[in-house]
4 protein chains.
Amino acid sequence: MDNEKQRVSGTDRDAEAAGNFYPLDRFNAFSDAVFAIVITLLVLDLPVPPSTEPVLPALAESWPDFLGYLISFAFIGGIWISHAGLTRYMRRGDIVSFRLNLVLLLFVSLLPFSTHLMVAHMLGADAPVAVAVYGANLFLEAALITALLHHAAHDRQLVVDDVDDASVSRAYRQRRTYLILIALAIIVAFIVPLAAVGIYIALAVAFLIQPLIGMWRKH
Amino acid sequence: MDNEKQRVSGTDRDAEAAGNFYPLDRFNAFSDAVFAIVITLLVLDLPVPPSTEPVLPALAESWPDFLGYLISFAFIGGIWISHAGLTRYMRRGDIVSFRLNLVLLLFVSLLPFSTHLMVAHMLGADAPVAVAVYGANLFLEAALITALLHHAAHDRQLVVDDVDDASVSRAYRQRRTYLILIALAIIVAFIVPLAAVGIYIALAVAFLIQPLIGMWRKH
Amino acid sequence: MDNEKQRVSGTDRDAEAAGNFYPLDRFNAFSDAVFAIVITLLVLDLPVPPSTEPVLPALAESWPDFLGYLISFAFIGGIWISHAGLTRYMRRGDIVSFRLNLVLLLFVSLLPFSTHLMVAHMLGADAPVAVAVYGANLFLEAALITALLHHAAHDRQLVVDDVDDASVSRAYRQRRTYLILIALAIIVAFIVPLAAVGIYIALAVAFLIQPLIGMWRKH
Amino acid sequence: MDNEKQRVSGTDRDAEAAGNFYPLDRFNAFSDAVFAIVITLLVLDLPVPPSTEPVLPALAESWPDFLGYLISFAFIGGIWISHAGLTRYMRRGDIVSFRLNLVLLLFVSLLPFSTHLMVAHMLGADAPVAVAVYGANLFLEAALITALLHHAAHDRQLVVDDVDDASVSRAYRQRRTYLILIALAIIVAFIVPLAAVGIYIALAVAFLIQPLIGMWRKH
């Protein structure tokens, strides 16, 4: 906060210019809190079997809820890591990045709703729509992260000094691959809804399994 | 936190004086968390269509809930940006700013309730009162931000050194315009309630669309 | 975080000693988040009148809920400010302060439950118990803040260098006065429950009105 | 954030290398928020006696809920302190530590569900399974903290300079003891479920009582 201010007032002496920037620490703190709440709200949807029913069969019967919990935890966690990966190259925000971030968080905070919707309809007659709505939510969120990357990469006043173009290009490529995969899942949702759910599971499992592989390779 | 302390104890040597100031980092962290929770609680009110009903007609039928979600997300997000815009000029807090901030957060945390109330009664016989209550909540919250600005601007010990009077005057003008618009919406609510909702939508859409225009103008 | 570590490793060279200290930034961040959640959960208990009922009479009828909301918002906010006022004199934590803080947060996070209990029974046959339980919750929370103050004040390694004994004595006196007032309210609860509620209201209103008086005196 | 970046870019000059690291401040802020939400959600499960029932008998009847609240508050608080104790030795994160942390938080955020499950079935026919599921949740969470410790301890680029091997060995020993105790409780759950609950209570009470003993020994 303080360093931020010193830097801002040091680089752009006149207060008018400094007034165009917003503190990155609040950008991060607010985003971290929203991500944390959204990822934790998911657990409220897990049904506890009533005391008169046997535990394991009741848990097994509500497998779609646990599946939705796992998939959405992995996606929201993944979006959060992408967000942290993006902001580590930023040194301050401006009004546009703050508002783009809010629109991003709007779609992030809709994910518990979309998850609930997909889980409730996944095996029903309206599965295509419900599974596609979930994909659309993921797509819009990913598009906003890309817009935020685009905005920061084009305004050198927002990024740290030593970002090289190769890092930016690599980030763009990763975002593009992810957007294409989600777009494919949405198309698949209208043909074979459960196959689209399969793509979501594959992406989520890949994400949750990777650290263990990462540890094994390293140590 | 630490820099804060050094500065406080550096400027005002005697501990008695230092005791009059409160750390800005906790002011911000607590406020960010409250804003994040309030903005995220809204999603709990979105009704998921039961698995026996077709998805799209059910979602279309609950359009007031989605409208309320969008409007309140935009307003709470906007208040948060105003708050971050104000505190970037502050370097520490005092007991008055901490308590004014609490009263502000009291009205912020009432917004999910007011939203729910407006959405439930918007098309009913008591629409004028429900829509006006929502406006009154926005007005009180905006008045408290203005009071916080007023308090900080009048105590040079609370603000960073290089704030110029032009920035402060501009902030006052923006706050006044916003307060007048909300006051107008409250009056309109008693005559044509849905027109007041229209004003809320216009303000919210303007807020959410602006970053995209901002990006387009810049790049 | 970083400054914290530098200071710790600078003062106590051997890692064994450094291992006895815990970072104050996480102490504060976790506490701020818990306070923010607890203060915001209260709004979930406010009943929205159904769309078929007139708004104002329905709101008027649920006045105890709004009263409980206001009182608890003021108390939780007040405890948070006390907490921030205490930690501004600390420069690091230890395992005892971290655990005392957890027990404090245990009682803070019980307040929405105690509030709900008091509000539901305030006008019923069991009002004395319900109103006294609320007071007991406030008392235990206040006792834990005092214990935290006691612990920090007796371990010079935890506090910043320039704390004088007068500040510490003044903090003790304030804590003692508050504890006595709450103890009195608990006793009153068993005789005239609504009078104890009156003491809670008086303390809460005093707390929420004070900043406005503070502003008026200053400017 | 800023110091973090300066250090990263100072040590590893090329941006490619810096791109492998993730900021510890967001790691901590996100984790703190998740811990805070999970520990606070527990209070939503405490049943408020309806206004027509006497307070104390109703509260006494729902003792399993209060017991679950206390046990889980103590465990989640204890995990949070372990987490803070681990990260104070870290100076930055990488993609593996960020993802391991997410898997850890996945199990932490399941604890309110497991608590609810154990409390609902503790006195029923399916107590062994319900009590063992709670233990399994604690075990998996503890295993992930150990994995995080293992990963950080084996990558010197992630830890602060002055960590000695004795501290790391002591941390490992503590983790191992805790894992063995939880594994024992899971085995006991299948023989005498309430004895396993007794082990949970003993660990929780020990944790909550310890600070008071710590204070008494010190002052």
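Here are a few things to note about the model shown:
- Spin-label model distance (nm) - D:Asp165 vs B:Asp161, 7 Å beyond Cα toward Cβ: 5.0
- Between this copy and the others, label points of D:Gln174 are 3.3, 3.3, 4.7 nm apart in ascending order, each placed 7 angstrom from Cα in the Cβ direction.
- Take the Cβ atoms of A:Arg176 and B:Leu140, set R0 to 45 Å, and the FRET efficiency comes out at 0.50.
- Whole-angstrom Cα spans of the range B:34-143 along principal axes, big to small: 56, 29, 17
- For chain A, built as a Gaussian network whose Cα springs stay under 10 Å, the top-fluctuating residue of A:Asp155, A:Asp32, A:Asp126: A:Asp155
- Of the residues D:Tyr89, D:Phe35, D:Leu184, the one whose Cα sits farthest toward the positive end of the charge dipole of chain D, with +1 on the Cβ of Lys and Arg and -1 on the Cβ of Asp and Glu, is D:Tyr89.
- Based on alpha-carbon atoms, the Kirkwood radius and the radius of gyration of chain B give Rg/Rh equal to 1.05.
- Candidates C:Ala132, C:Ala58, C:Ala202, ranked by Gaussian network fluctuation over chain C, Cα under 10 Å, top entry: C:Ala58
- Build a GNM of chain B with springs between Cα atoms under 10 Å apart, and of B:Ala206, B:Ala147, B:Ala74 the one that fluctuates most is B:Ala206.
- Placing a label point 7 Å from Cα along the Cα-to-Cβ axis, C:Trp63 is separated from the same position in the other copies by 4.0, 4.0, 5.6 nm, shortest listed first.
- When peptides C:47-54, A:95-102 are sorted by average Cβ neighbour count within 10 Å, with the highest value leading, the order is A:95-102, C:47-54.
- Minimum Cβ-to-axis distance in chain D for the rotation onto chain C, with residue, whole Å: D:Ala33, 4
- With the label put 7 angstrom out from Cα along the Cα-to-Cβ vector, B:Ala125 ends up 3.7, 3.7, 5.3 nm from the copy partners, going from closest to farthest.
- Chain B: DSSP helices with Cα axial extent of at least 27 Å and average Kyte-Doolittle hydropathy no lower than 1.0: B:63-87, B:95-121, B:127-153, B:193-218
- For the pair C:Leu194 and B:Glu53, label points projected 7 Å from Cα toward Cβ lie 4.3 nm apart.
- The magnitude of the dipole of the range D:10-116, with charges of +1 and -1 set on the Cβ of Lys/Arg and Asp/Glu and taken from the Cα centre, is near 380 debye.
- Complex-versus-alone comparison for the range A:166-211, residues with a loss of 40 Å² or more in accessible area, probe 1.4 Å: A:Arg170, A:Phe207, A:Leu208, A:Pro211
- Assuming charge only on the beta carbon of Lys and Arg (+1) and of Asp and Glu (-1), the dipole of chain A about its Cα centre is about 560 debye to the nearest 20.
The values are calculated or read from the model by the stated rules, or taken from the named source; none is laboratory data. Because the structure is a prediction, the values reported are computed rather than measured. Because the Cβ atoms are built from the backbone with ideal geometry, glycine has one as well, and the counts that use them run over all protein chains shown. Accessible surface areas use protein heavy atoms only, side chains included; no ligands, DNA or RNA. Shrake-Rupley method; radii C 1.70, N 1.55, O 1.52, S 1.80 Å.
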